[in-house]
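Report on one structure; see the data block that follows.
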Amino acid sequence: MNHEKSHKAFERARQLMPGGVNSPARAFGGVGGEPVFIDRAEGAHLFDIDGNRYLDYVGSWGPMILGHGHPGVIAAIDAALRRGASFGAPTLAENQLAELIIEAVPSIERVRLVNSGTEATMSAVRLARGFTGRPKIVKFAGNYHGHVDSLLVAAGSSAATLGAPDSPGVTEAAARDTLVLRYNDVDAVQAVFAQHGSTIAAAIVEPVVGNMGCVPGSLEFLNALRQATARCGALLIFDEVMTGFRVAYGGAQSRVGIRPDLTTLGKIIGGGLPVGAYGGRADVMDRVLPAGKVFQAGTLSGNPLATAAGIATLTTLRDTDPYPWLEQLSDRLARGLLAAGQRRGVACRVGRCGSMMTLFFSDRSITNWDEASACDRRRFATFFWNMLDRGVYLPCSPFEAMFVSTAHTSEDIDATVAAAAESM
Ligand SMILES: *Cc1c(COP(=O)(O)O)cnc(C)c1O
C-alpha cells in the first residue's frame, strides 16, 4: 500500500502542529509509524489522500455509530446551516436534544450542553465539589475523562495512592485531591470511602472502560461504588462520553441498572460534530448558573449544527433500534478474532460490551490497568500494520476500543476476520 502523500503531508504537519497532529491519539505513536491522512469517508469506509480504502473500526473514536455520511444526519446539518451557524441565543433544537437525552437516560433530569467530553467531565467535577462543599475526587487507574487537570492522574497499582500528576503543567495542588484506585477492586473502594468518606465530593468512573481498551466494570464493583458514595453523601458520576448511546440507547447505566447522580456524555450525541453534555439529578443540576451559583458557560454551547447532527443521530437510533443487530455483528467479530488467534496459536482475549471491543494480546482476561498494560504491545503493533496493509483501519493503540457501526455488514466482518487470521 502506497502512503507517499500521507508521508509528505505528515512531514509538513510536523512543522505546523505539535507532533503533526491536533490530538495525540491519532499520531500512531503507539504502533511506531506515521498516520495516514484521511480525505473522505463513506458508510463504513475511509479513503486516504493516496487513494487507499479502509474498513473503519475507529469511527472518529466512537461518534460515528451510524457510519459516515448518514443521509439523515447530512440533511439535518445542511438544513441547520441554512438557518444560521450560531446565534448565542436559545433555540428549539436545544430543547429537542435535551428532551431526547432526558428520555433516553432516566437518571438525567436536567442536562447542560457543552462542546467536548473534557468540558463535560470538568464541569461535572466542579459541580460535585460545589454541591457537596468537599474537595476530593475518586477516580480509577486507566479511566480517561478528558484532559482535565485534576483527572490527569492515572497512578498506583493496588491501594489508594494520592494522585501524582501525569503531565508537566498539572500542579501537585491540582492533583492532590484526586484519589486513584484500581478498577474493578471492591475492597479498594470500601477502604478509601472508610478512610476519606467525609471529604469526598464524587467518584467518577467509566462504567465500561473504553480508554485502557474495552474493559467492562463488574456489577459487584459498580454496585459497591453506588453504595459507598450514597452512604457518605458523595456523588457518583458515570462518564458515559464513550458508552452513552453506544452500548445501549440508555447507556451503560441502563445495562447494569444503576442510577448515578451525574452523567457525562459526548461523542455520539454530536453525530460527529464537537459536543458534550452533563446532566443528572435536578437538585444537583439546579446549582449550575444561572439557576444556581456554580459557574459554567460556553459561547458555542448548544451550537445549532452540532445540535442538529445530535438530534438526527439520536432519533435514528431511537426509531430504528439497531442495538440487537450491532450486538450480533460485534459478537461475530469477537468470536472470529478469537478463533483466528487460536488457529495461529496466538494468546488473545476480547474485552467487549455491545459494539465496542478490544483484542488484547494476553493469555488472561483483562479487568484493570495493570493487566491491560501487561499485554503484548509489540504483537499488537505488528497486527495493526498488517491489518492496515489489508485495508482494515484499527485504533492505533493497544489501549483503545474499536467500534462497529450500522454501516458495517456481515461480509465486512467476515473479511476483517479473514484479514486478522493473516495478520497475527
Ligand atoms: C473521549 C472521552 C472523553 C473526552 O472527550 P473529548 O470530547 O475528547 O474531550 C472523556 N471521557 C471518556 C470516557 C471518553 O471516552
Unmet requirement for Phe28, which otherwise passes all of (1) within 20 Å of the chain's Cα centre (by Cα); (2) closer than 17 Å to Phe384 by Cβ; (3) open to solvent by 10 Å² or more (accessible area, probe 1.4 Å); (4) of a type in the set (A, V, I, L, M, F, W, C) = (3)
Which one is farthest from Leu236 (Cα to Cα) among residues in region 107-118 that are surrounded by fewer than 24 Cβ atoms within 10 Å (Cβ to Cβ) and within 10 Å of the ligand (Cβ to nearest atom)?
-> Asn115
Spot the failing condition for Ala252; the list is (1) of a type outside the set (Lys, Arg); (2) within 16 Å of the ligand (Cβ to nearest atom); (3) open to solvent by less than 10 Å² (accessible area, probe 1.4 Å); (4) over 16 Å from the mean Cα position of the chain (by Cα), and only one is missed.
-> (4)
So Gly310, is it within 14 Å of the ligand (Cβ to nearest atom), in contact with a strand residue (DSSP E or B) (Cβ under 8 Å, 6 or more places away or on another chain), open to solvent by less than 10 Å² (accessible area, probe 1.4 Å) and under 18 Å from Ala120 (Cβ atoms) | no
Please state which one of Ala124, Ala104, Ala80, Ala85 is open to solvent by less than 40 Å² (accessible area, probe 1.4 Å), touching a Pro at 6+ places or on another chain (Cβ under 7 Å), touching a residue at least 60 places away in the same chain (Cβ under 8 Å) and more than 28 Å from Ala420 (Cα to Cα).
-> Ala80
Please specify each residue of region 185-226 satisfying the condition of being surrounded by fewer than 21 Cβ atoms within 10 Å (Cβ to Cβ), closer than 26 Å to Ser254 by Cβ and either among the β-branched types (Val, Ile, Thr) or within 16 Å of the ligand (Cβ to nearest atom) (or both).
-> Val186
Residue list for region 127-141, restricted to those being open to solvent by 10 Å² or more (accessible area, probe 1.4 Å) and either touching a Phe, Trp or Tyr at 6+ places or on another chain (Cβ under 7 Å) or in a strand (DSSP E or B) (or both) = Lys136
Out of all the residues in region 140-170, which are closer than 14 Å to Val189 by Cβ and either away from the ligand (no atom under 11 Å from the Cβ) or at pLDDT below 75 (or both)?
-> Phe140, Ala141, Ser158, Ala159, Ala160
Give me a count of the residues in region 61-85 that are more than 19 Å from Thr320 (Cβ to Cβ) and either in contact with a Gly (Cβ under 6 Å, 6 or more places away or on another chain) or among the acidic types (Asp, Glu) (or both).
-> 1
Keeping to region 282-299, report how many residues are closer than 16 Å to Arg126 by Cβ and assigned to a loop (DSSP other than H, G, I, E, B).
-> 11
Is it the case that Gly72 is open to solvent by 10 Å² or more (accessible area, probe 1.4 Å), touching a strand residue (DSSP E or B) at 6+ places or on another chain (Cβ under 7 Å) and more than 12 Å from the ligand (Cβ to nearest atom)?
-> no
Scan region 387-412 for residues that are β-branched (Val, Ile, Thr) and more than 10 Å from Tyr57 (Cβ to Cβ) and jot them down.
-> Thr406, Thr409
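Let's see how each residue does on (1) closer than 30 Å to Ser123 by Cβ; (2) open to solvent by 10 Å² or more (accessible area, probe 1.4 Å):
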residue: Gly280; (1), (2): yes, no
residue: Thr316; (1), (2): yes, yes
residue: Gly345; (1), (2): no, yes
residue: Val350; (1), (2): no, yes
Can you find even one residue in region 9-25 that is in contact with a Cys (Cβ under 9 Å, 6 or more places away or on another chain), open to solvent by less than 80 Å² (accessible area, probe 1.4 Å), in a helix (DSSP H, G or I) and not β-branched (Val, Ile, Thr)?
-> yes
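The values are calculated or read from the model by the stated rules, or taken from the named source; none is laboratory data. Everything quoted here is computed from the prediction, not taken from an experiment. All Cβ positions, even for glycine, are placed from backbone atoms using ideal geometry, and neighbour counts span all protein chains on display. These area figures cover heavy atoms from the full protein model, side chains too; ligands, DNA and RNA do not enter into them. Shrake-Rupley method; radii C 1.70, N 1.55, O 1.52, S 1.80 Å.
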